[in-house]
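First up is the structure itself, then whatever we jot down about it.
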Amino acid sequence: MNYISTRGHSQPTTAAQAVVDGIAPDGGLYVPTEVIPFSAQQLQALAGEPYHNIALAVMRRFFAGIDDAALQQCVHRAWGPNSGFAGQVAPLVRVGDAHVMELWHGPTSAFKDVALQFLPRLLSQARAQLGMREGTLILVATSGDTGKAALAGFADVPGTRICAFYPHGGVSTIQRRQMTTQRGDNVCAMGVYGNFDDVQTGVKQIFTDPDYAAALRARGWQLSSANSINWGRLAPQVAYYVAAWCRLYADGQVAPGEPVDFVVPTGNFGNILAGWYARRLGVPVGRLVCASNANRVLTDFFEQGLYDARRTLQRTLSPSMDILVSSNLERLLFEAGGRDAAFVRDCMAQLAQAGVYRVPQQLLAELRTGFAAGSADDAVTRRVIRAVYERYGYMLDPHTAVAWDVYERMRAQGGLSARQCVVLATAHPCKFAHDVLEALGGARMADERAALAALAAYPGVEVPPSIAELWALPERHTGVCERAQMPGAVLTSLG
Ligand SMILES: *Cc1c(COP(=O)(O)O)cnc(C)c1O
């Protein structure tokens, strides 16, 4: 039994069950009971290895009990030389004094591919090991990026079906086409009249309706989710922190044991928390810098110890970070708070009832030894995109630009702890062609296709083939429905 719930009211369980469940029965999040660190020698030995071998070593630490040959196959298919990353999962690019870790080389040009190319395969194996006869039905409410990455990850994975709902008219043309053109016999994408909140509410209602669950079971399906509360999505992200340190060590940029700082554009706190687990694995992780946009709930939290979600969500240029409740912080509260499940239950109850909780000063001090935080609004984001391109010829997407600004200010103020700093790049700039073009001083184009063409004319910009082909592919999923019709649409898609 390797996994326990942050809320302490669920039985410890296996890795396979934790991945299939997604969320623990008591509403908490699963964490590993223990993390066995790599020794300094093991880490240095990994440094010469290709990415998929480093990732395999990390996955073995977290998924003991999953058949090893199957685990190897999952890792190879997700990240090996013939995967959707074509051998480039997390390359480091020198920009000024920093190293930018490009996490967007996967099939949908966003960092969520790194985990979502692996999770479906792992889930399939976990189901097989548990002897599950029912199929796994994944429902996703998406404001853009997650939907496509999940569709691409689950496409044609045996025993699974996926349905992604997005707000009709509420996602960019590129994002919509990415979803509507998705191939695969087990996928469905559907627009919903309303905004993202409406879509999310619709999906939550489906998840919490026992009658509906029974109807699905009668047809041989069980619901599950693919968001970052699932440990199977978090663990794969640990691997690129390990790989980054290994690469810098192999290149002679850090000495044995020398720490590296990481700056992470943050929304749900999944990406940056993976860095915290990398530290637990024995990787010399210096400071983890949490970069937020104008929705700076986490910045305020790390400054004051007060998590206050009582504010209006702002729509920004970095929509994947427009979040007020960062689910994965619960795991950090549990771990850093001495694995005190009663404390976590208390915080989460206050958050649910009052929208706010405060952590003790001692815990805040402890958190601040490992984390720092900063935020950047849209005006700064635009300025940074332009300045970095003009100075270095390197184009940032709006999410990464937020991180870059926080990095530069921290460095100027002496807030970094290490000589080497890695800035995580979470999306390709072409995914946000309109806004990036405008930030660079280009004219506002009539549509996104024109903006993409204009951006492609800038030196050093390569449009990813998967985005370039979007207008040549047939749109397969053109359905739009009312929120009330979502449950019916799911049943229809099951045939
Ligand atoms: C999801 C996402 C983020 C935020 O990552 P979290 O793990 O939710 O903190 C940042 N940038 C992009 C482009 C994303 O898609």
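The values are calculated or read from the model by the stated rules, or taken from the named source; none is laboratory data. Quantities reported herein were computed from a predicted structural model and do not represent experimental measurements. Cβ placement follows ideal geometry from the backbone for every residue including glycine, while neighbour counts extend to all protein chains displayed. Areas reflect the complete protein model, heavy atoms only, side chains present, ligands, DNA and RNA absent. Shrake-Rupley method; radii C 1.70, N 1.55, O 1.52, S 1.80 Å.
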* Residues of type aspartates and glutamates that Lys204 reaches as a straight line, Cα spacing below 17 Å, ignoring anything fewer than 8 places off in the same chain -> Asp21, Asp26, Glu482
* Asked: DSSP beta bridges in the chain, what fraction antiparallel, as a percent rounded to 5?
  -> 25
* How large is the Kirkwood hydrodynamic radius of segment 1-74, in angstrom, based on all distinct alpha carbon pairs? -> 13.6
* P(r) histogram, all alpha-carbon pairs of segment 1-130 included - 5 Å bins from 0, percent -> 2, 10, 16, 18, 19, 17, 10, 5, 2, 0
* Asked: For the chain, which longest stretch is free of loop sites, where a loop site is one of the GluC sites (Glu not before Pro) that DSSP puts outside H, G, I, E and B and that has at most 15 other Cβ atoms within 10 Å?
  -> 135-461
* Structure fact -> Packing-ranked peptide list from 289-297, 242-250, 399-407, highest mean Cβ count within 10 angstrom first, is 399-407, 289-297, 242-250
* Structure fact -> Any aspartates and glutamates whose Cα falls less than 17 Å from that of Lys112, other than same-chain ones fewer than 8 residues away, would be Glu102, Asp145, Asp322, Asp397
* Any idea what Rg and Dmax come out to for the chain if you just take the C-alpha atoms, in Å? -> 21.4, 61
* Karplus-derived 3J(HN,Hα), 6.51/-1.76/1.60, for each residue of segment 206-213, Hz, glycine and proline x -> 4, 5, 9, 9, x, 5, 5, 4
* Asked: Can you give the accessible area of Val388, probe radius 1.4 Å, in Å² rounded to 10?
  -> 10
* Accessible area of the chain belonging to carbon and sulfur atoms, whole % at 1.4 Å probe -> 48
* **Per-residue HN-Hα couplings for segment 266-280 [Karplus 6.51, -1.76, 1.60; θ = phi - 60°; Hz; x = Gly/Pro]** => 10, x, 8, 6, x, 4, 6, 5, 4, x, 5, 5, 4, 4, 4
* Asked: Put Leu437, Leu130 in order of accessible area, largest first, 1.4 Å probe: what do you get?
  -> Leu130, Leu437
* Magnitude of the charge dipole, the chain, Cβ model with Lys/Arg +1 and Asp/Glu -1, debye to 20 -> 200
* Just report the Cα centroid separation between segment 388-413 and segment 328-384, whole Å. => 25
* To do: Could you go through segment 469-480 in sequence order and give the Karplus-derived ³J(HN,Hα) for each residue, using 6.51 cos²θ - 1.76 cosθ + 1.60 with θ = phi - 60°, rounded to whole Hz, and x for Gly and Pro?
  => 7, 4, 7, 9, 8, x, 7, 8, 10, 9, x, 9
* Structure fact -> Taking the square root of 5λ for each eigenvalue of the C-alpha gyration tensor of segment 260-399, the equivalent ellipsoid has semi-axes, largest first and in whole angstrom, of 27, 19, 11
* Asked: Mind ordering 118-126, 13-21 by average Cβ neighbours within 10 Å, highest first?
  -> 118-126, 13-21
* **Separation of alpha-carbon centers, segment 28-106 and segment 208-244, rounded to whole Å** => 20
* To do: Once you have the Kirkwood Rh of segment 52-117 from its Cα pairs, apply Stokes-Einstein at 20 °C and 1.002 mPa s and quote D in µm²/s.
  => 169
* Asked: Between Ala373 and residues 5 or more places away or on another chain, which pairs have amide H atoms under 5 Å apart, with H built 1.01 Å from N, and which residues are they?
  -> Cys290
* Once the Cα gyration tensor of segment 163-248 is found, what semi-axes does its equivalent ellipsoid get, as square roots of 5 times the eigenvalues, in whole Å, sorted largest first? -> 29, 21, 14
